[in-house]
Amino acid sequence: MRKTYVIGNWKMNGSLAANKALLAGLKAGVPAAKANVAIAVCPPFVYLPSVVDAVSGSPIGVGSQDVSEYDKGAYTGEVPVAMLKEVGVTYAVIGHSERRSLFGETDEWVAKKTVAALAGGLVPVVCIGELEAEREGGLTEKVLATQLDAVLAAIPNPVPGSIVVAYEPVWAIGTGKTATPEMAQETHAFIRNYLKKGGEAFAQDTAILYGGSVKASNAAGLFAMPDIDGGLVGGASLIVEEFVGIYNAAADQFGKR
Ligand code: PEP
């Protein structure tokens, strides 16, 4: 059975004091993993070691919000896989729409980072998603196919379960607008079918997370859908009750699978 995940993307938020309070709340709210749902938080790079320390002994894992495609050397500002592994990071969010739109990351760049993460033993959480105008123009599937093609071309024989895909409609990120469960399911089913390019087992075993204004109040409806395998959560991951509520909704729904 494929794995399920609830992953919090803190974006450029936090402070030593705020992280301490948030993580204490999360550790109290999620004392043990439930129903095999993995939980993780992705703080800014500078906080990664202290967050790894703070969650040690708890079910909470840690991810980075980006990773370099390069190993080491003259790449000012970049952070490679090996350094992330060294400090205890497990996941790397790659190709978040904010990195694509604000920092010019291309599909090819996202693919290279995915290859680097896989080669170095980080679990890549590859983000894909369409803009509002693209959805309105009937281009959603074309956009997602192009984004997936770049990654699939770079990993010719993908190991089932080795990557996580996060479908995040850009119009739903940080806007409070959520795709309805039915709308999200339709797109997730398309993505799963498209992943068959990497083999049937790869398609079946790839967790496809939904992201875009997931909250404790809408999580259960989304997670009840057969092709939604968890959430990538932005704003609500900074609020203990919300993130724990989302995790509990995931455990309830995925426990029924
Ligand atoms: C995100 O940052 O990936 C995200 C989905 O944000 P939000 O949950 O705030 O929409």
### Summary
For the chain, shape from the Cα gyration tensor axes a ≥ b ≥ c, cut at a/c of 1.5 then a/b versus b/c, turns out rounded
#### Entry: Gain on full stretching of the segment that runs from GLU136 to PHE103 - 0.36 nm per residue minus C-alpha separation
9.4 nm
### Query
Which percent of the accessible area of region 4-256 is formed by carbon and sulfur heavy atoms (probe 1.4 angstrom)?
58
### Message
Looking at the calculated P(r) for region 157-250, what percent of the C-alpha pair distances fall above 20 Å?
### Response
34
### Query
GNM, the chain, Cα, under 10 Å: largest mean-square fluctuation among GLY212, GLY176, GLY88?
GLY176
### Task
Excluding residues fewer than 8 places away in the same chain, name every one of the lysines whose C-alpha is closer than 16 Å to that of LYS112.
LYS72
### Summary
In whole angstrom, the spacing between the Cα centers of region 197-240 and region 1-58 equals 17
### Query
Net charge near MET83, counting Lys/Arg +1 and Asp/Glu -1 over other residues with Cβ under 15 Å of its Cβ?
-2
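Using a Förster distance of 35 Å, how high is the FRET efficiency between ALA220 and VAL46, based on the Cβ-Cβ distance and rounded to 0.05?
Given R0 = 35 Å and the Cβ-Cβ separation, E is 0.55.
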### FRET E, pair GLN204, ALA74, Förster distance 45 Å, beta-carbon r, rounded to 0.05
0.60
### Task
Mind checking the full-extension length gain between ALA119 and ALA28? Use 0.36 nm per residue of separation minus the Cα-Cα distance, one decimal, nm.
29.3 nm
#### Entry: Set of aspartates and glutamates with alpha-carbon distance to LYS256 below 16 Å, sequence-local pairs under 8 removed
ASP227, ASP229
### Query
What accessible area per residue comes out for region 102-257, rounded to a whole number of Å², with a 1.4 Å probe?
40
## Note on the structure
Here the relative contact order (percent) of region 1-120, from C-alpha pairs under 8 Å and at least 6 apart, is 22
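The values are calculated or read from the model by the stated rules, or taken from the named source; none is laboratory data. Source: prediction; values computed, not measured. Reconstructed Cβ throughout: ideal geometry from the backbone, glycine too, with neighbour counts over all protein chains shown. Side chains included, ligands, DNA and RNA excluded: accessible areas come from the protein's heavy atoms. Shrake-Rupley method; radii C 1.70, N 1.55, O 1.52, S 1.80 Å.
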